[in-house]
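Peer 1: Please see the structure below; I have some questions.
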Amino acid sequence: MAAMEENVQCVVVRRSKEEKKLLRKQIKTSLILLKHEGISTLSQPTKSLVVSNGGLGNGVTREQLLDALKDMGEVEVLIMPRHKPYAFVTYRSEESAQKAHALLNGHQLQSGENSVTLYLSFVHSVPSEVEVCLSLPEGLAVVEDFVSHEEESSLLAAVDWTSADEDTSASEDLIVHTQKVLKHRRVKHFGYEFRYDNNNVDKDKPLSAGIPVECLPILKRCVRDGHVDTMPDQLTVNQYQCGQGIPPHVDTHSAFEDSIMSLSLGAKAVMEFRHPDGRLVAVVMPERSLLVMKGESRYLWTHGITPRKFDMVPASDPQSMTDLSNHGNLTLSKRGVRTSFTFRKIRHAPCRCAFPSACDSQAAAPPSLPRSGGDAERLEERYVHRVYDAIASHFSGTRHSPWPRVCHFLLSLAPGAMLADVGCGNGKYLAVNPEVVAVGCDRSSALVQICAQRGYQALVSDALSVPLRAASCDACISIAVIHHFSTQERRLSAVRELVRLLRPGGQALIYVWALEQEHNKQRSKYLKDNKEHAGNCSLTADSSHHGGQVFDGKLSVHTNRTAFNSQDLLVPWHLKDGKKGGPGQNGEQGTRIAGSKRTNNSHNSSTEGHWASGLESEKPSPGESGPDSNSTPFSVVDSKCDEPGPGGAEDSGPAPAVFHRYYHVFQQGELEELCGRVAGVQIHTSYHDQGNWCVILEKR
């Protein structure tokens, strides 16, 4: 007994209050890493550690963290993921890692004006550097050291920021240039004034003085080197203080010719280019570099500078941004005062670019209702399939809450049941019941990729032809899918395909968007969320009798969060730039840092008068006030919302890209009538749920 007591006493560890507090903090940070990032920490020593609070997202630079870590021993690998508040380090020896774990836990590290407390935990290994070199958008080039230090000084001196703002109401022969102080920067225009009220230029009112003479040698060099074909005649000079930026935008097509050039003077910055499909490329623009946008990069990709005081840049050679093969080797660079000279050529004829969906000169007419099967396929391809591929990441970010009555159906299934989610989107219903075997399919490859990233079983498939055996499923769900089919025959085929998959006795749950957004004197959440039209949410007396057909045969664009006035319509989706980008689950996915050679830029949004192959509104889907599924993109540029490039408008901010999705909203009784035309099934239940008509079918 005494020996046992002796052994017990040997393992008692007495810790001070500070040590106990530190241990609690370590445990807490480890749990947070596991919960939010899926990073598992270890109790036994290894050569690798995760450093909480020591990431780029905390404002810690690579140099600051490395200085602290290398005092503990030789560092083999240091990984600092983009925007994350943690880093990974691997030491040459386990002894060095143990020393860092013992001495740096609770260590205060000065980060700019603030200090952060580091907490270290052992991990099995550090992640591989997953970011790969993404090529610049087509048509984009960055030419480093394009101007000398002397030329830079001369150009900066040519802009007199001390003069008062010009009175633009004065006669045109007295106006030399215009100077404005905008929300995020100050700006001067030469040659022609850029108008922020319409995001265009008044081509009949040139300013009396053109581009400053100090710019002419540089512009002649641009023509000689082939960056532009003709001399520009408009200059916008922007000056950004540390922390200022410009929202994402596309230079108005009708205002300027193809090539747009921007000189970065005084300080470097990072400009982000985003494609309509969500791809994001971060381009480093060093001091005295020339950015050239042509073709796709000028017409299609948006470009902007995020307001912040630090940029993430490659750490290998901070003076040269051309070698970006090691994108994991990032650090923070404090911004300075940057002045951009953006040169453009005024356009005097309509734009005839190869990107009509983003072109204000080529605004297309609204589509017509389909008259044949081929028309229907083309309509759905453009206004359903392409749209959901383009908005997949942003769409997925708004689809995270399964609807209770759908969950009730899924949780009622027996353990081991086979479930098919046809039109699964981001897969939010695939994991509701972990005791069933669930497989999803969706027409959008981008949404299926998100399912795969989340560990779900999903495949790319049309809802009219699912590659699963007949009678192989105990249950199917079709949530906010069938209303995207543009003819009754195709909607009927979609129901028949669900029934084909079911075994006898199996059930299918179907949700479609309802024409009646007010039911039993209760308005749906879709209408309740509209504060502006709160008093105008009732259907007109005869709105349900037109069958959704506009009298001229054209589809109308629905005003979001209002009652429907037809059954067949286009519903806008506003793509929130920078929030959910790329074919991934969050805005960071798909982001790359690129260097100097070439890129493209993305388009902006549209009003109802413009058309595109996409949709635009925050789509109300089951779970958020309306339906949702797969669609195609058709987007356009709104001449009143676009701002021109690095020297463009931004006072009120640009509008998001707008995509239009086709919907057929169902009248009361229409879904039951459709299902009643399918042989071998009976309607088990039908109900109205938050602006959706719903049925549960059972196969006999």
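The values are calculated or read from the model by the stated rules, or taken from the named source; none is laboratory data. Quick caveat: nothing in here was measured; it's all calculated off a predicted structure. Cβ atoms come from the backbone with ideal geometry, glycine included; neighbour counts cover every protein chain shown. Please note that ligands, DNA and RNA were not included when accessible areas were found on the heavy atoms of the full protein model with its side chains. Shrake-Rupley method; radii C 1.70, N 1.55, O 1.52, S 1.80 Å.
Peer 1: What's the total number of residues in segment 94-113 that are within 18 Å of Leu22 (Cβ to Cβ) and open to solvent by 20 Å² or more (accessible area, probe 1.4 Å)?
Peer 2: Residues meeting the conditions: 8.
Peer 1: Can you tell me how many residues within segment 515-553 are open to solvent by 70 Å² or more (accessible area, probe 1.4 Å) and at pLDDT 50 or above?
Peer 2: Selection size over segment 515-553: 8.
Peer 1: Scan Val499, Val512 and give me the residue that is assigned to a strand (DSSP E or B) and at pLDDT 55 or above.
Peer 2: Criteria check complete, one pass: Val512.
Peer 1: Then there is this: Report the residue count in segment 338-389 for those that are among the aliphatic types (A, V, I, L, M), within 30 Å of Val223 (Cα to Cα) and either open to solvent by less than 30 Å² (accessible area, probe 1.4 Å) or touching a Pro at 6+ places or on another chain (Cβ under 8 Å) (or both).
Peer 2: Within segment 338-389, residues that are among the aliphatic types (A, V, I, L, M), within 30 Å of Val223 (Cα to Cα) and either open to solvent by less than 30 Å² (accessible area, probe 1.4 Å) or touching a Pro at 6+ places or on another chain (Cβ under 8 Å) (or both) number 2.
Peer 1: Can you pull out every residue in segment 48-69 that is open to solvent by 30 Å² or more (accessible area, probe 1.4 Å) and under 16 Å from Leu33 (Cβ atoms)?
Peer 2: If the condition is that a residue be open to solvent by 30 Å² or more (accessible area, probe 1.4 Å) and under 16 Å from Leu33 (Cβ atoms), then Asn53, Gly57, Asn58 are the ones that fit.
Peer 1: Looking at Ser493, Ser486 in this structure, which one is at pLDDT 95 or above and either part of a loop (DSSP other than H, G, I, E, B) or in contact with a Gly (Cβ under 7 Å, 6 or more places away or on another chain) (or both)?
Peer 2: Answer to the check: Ser486.
Peer 1: So which of Ala164, Ala158 ends up being modelled with pLDDT of 90 or more and farther than 21 Å from Gly139 by Cβ?
Peer 2: From the options Ala164, Ala158, the qualifying one is Ala158.
Peer 1: Looking only at segment 206-243, count every residue that is outside any helix (DSSP H, G or I), open to solvent by 50 Å² or more (accessible area, probe 1.4 Å) and within 20 Å of Val187 (Cβ to Cβ) and tell me the total.
Peer 2: Total meeting the criteria: 3.
Peer 1: So the check is Cβ under 8 Å with 6+ separation or different chains; which pairs have a first residue in segment 414-437 that's in contact (Cβ under 8 Å) with a residue 60 or more places away in the chain and a second one that's among the acidic types (Asp, Glu) and open to solvent by 10 Å² or more (accessible area, probe 1.4 Å)?
Peer 2: Pairs that qualify, where the first residue is in contact (Cβ under 8 Å) with a residue 60 or more places away in the chain and the partner is among the acidic types (Asp, Glu) and open to solvent by 10 Å² or more (accessible area, probe 1.4 Å), are Ala414/Asp474; Val422/Glu497; Gly425/Asp628.
Peer 1: Take Ala392 and tell me if it is surrounded by fewer than 22 Cβ atoms within 10 Å (Cβ to Cβ) and at pLDDT 85 or above.
Peer 2: In short, no.
Peer 1: Residue under question is Gln9, and the condition is that it be under 19 Å from Ser115 (Cα atoms) and at pLDDT below 85; does it hold?
Peer 2: Against the criterion (under 19 Å from Ser115 (Cα atoms) and at pLDDT below 85), Gln9 does not qualify.
Peer 1: Quick one: in segment 254-312, which of the residues that are assigned to a helix (DSSP H, G or I) and of a type in the set (Gly, Ala, Ser) is surrounded by the most Cβ atoms within 10 Å (Cβ to Cβ)?
Peer 2: The extreme case among them is Ser297.
Peer 1: Consider segment 73-93. How many of its residues are open to solvent by less than 30 Å² (accessible area, probe 1.4 Å) and touching a residue at least 40 places away in the same chain (Cβ under 8 Å)?
Peer 2: Counting residues in segment 73-93 that are open to solvent by less than 30 Å² (accessible area, probe 1.4 Å) and touching a residue at least 40 places away in the same chain (Cβ under 8 Å) gives 8.
Peer 1: While we're looking at this one, here's another question. Pick from segment 554-564 the residues that are closer than 14 Å to Ala514 by Cβ and over 28 Å from the mean Cα position of the chain (by Cα): which of them is modelled with the highest pLDDT?
Peer 2: The qualifying residue modelled with the highest pLDDT is Phe564.
Peer 1: Now, a different point. Considering each residue of segment 684-698, count those that are part of a strand (DSSP E or B), in contact with a helix residue (DSSP H, G or I) (Cβ under 6 Å, 6 or more places away or on another chain) and more than 10 Å from Ile510 (Cα to Cα), and give that number.
Peer 2: Number of matching residues: 1.
Peer 1: Please tell me if Gly505 is modelled with pLDDT under 50 and either open to solvent by less than 60 Å² (accessible area, probe 1.4 Å) or not in a helix (DSSP H, G or I) (or both).
Peer 2: Taking the combined requirement at face value, the residue does not satisfy it.
Peer 1: Oh, and also: Which of the numbered conditions does Ala438 fail, given that it passes all the others? Conditions: (1) more than 31 Å from the chain's Cα centre (by Cα); (2) among the small types (Gly, Ala, Ser); (3) more than 17 Å from Val384 (Cβ to Cβ).
Peer 2: Among (1) more than 31 Å from the chain's Cα centre (by Cα); (2) among the small types (Gly, Ala, Ser); (3) more than 17 Å from Val384 (Cβ to Cβ), Ala438 violates only (1).
Peer 1: Another one. Scan segment 413-422 and give yes if some residue there is within 22 Å of His684 (Cβ to Cβ), among the charged types (D, E, K, R) and open to solvent by 20 Å² or more (accessible area, probe 1.4 Å), otherwise no.
Peer 2: No, the conditions are met nowhere in segment 413-422.
Peer 1: In this structure, does Ala158 turn out to be open to solvent by less than 20 Å² (accessible area, probe 1.4 Å) and free of Cβ contacts under 8 Å to residues at least 60 places away in the same chain?
Peer 2: It is false that Ala158 is open to solvent by less than 20 Å² (accessible area, probe 1.4 Å) and free of Cβ contacts under 8 Å to residues at least 60 places away in the same chain.
Peer 1: In addition: Take the residues in segment 17-41 that are surrounded by 16 or more Cβ atoms within 10 Å (Cβ to Cβ) and of a type in the set (A, V, I, L, M), then tell me which one is farthest from Phe122 (Cα to Cα).
Peer 2: So, considering only residues that are surrounded by 16 or more Cβ atoms within 10 Å (Cβ to Cβ) and of a type in the set (A, V, I, L, M), the one farthest from Phe122 (Cα to Cα) is Leu22.
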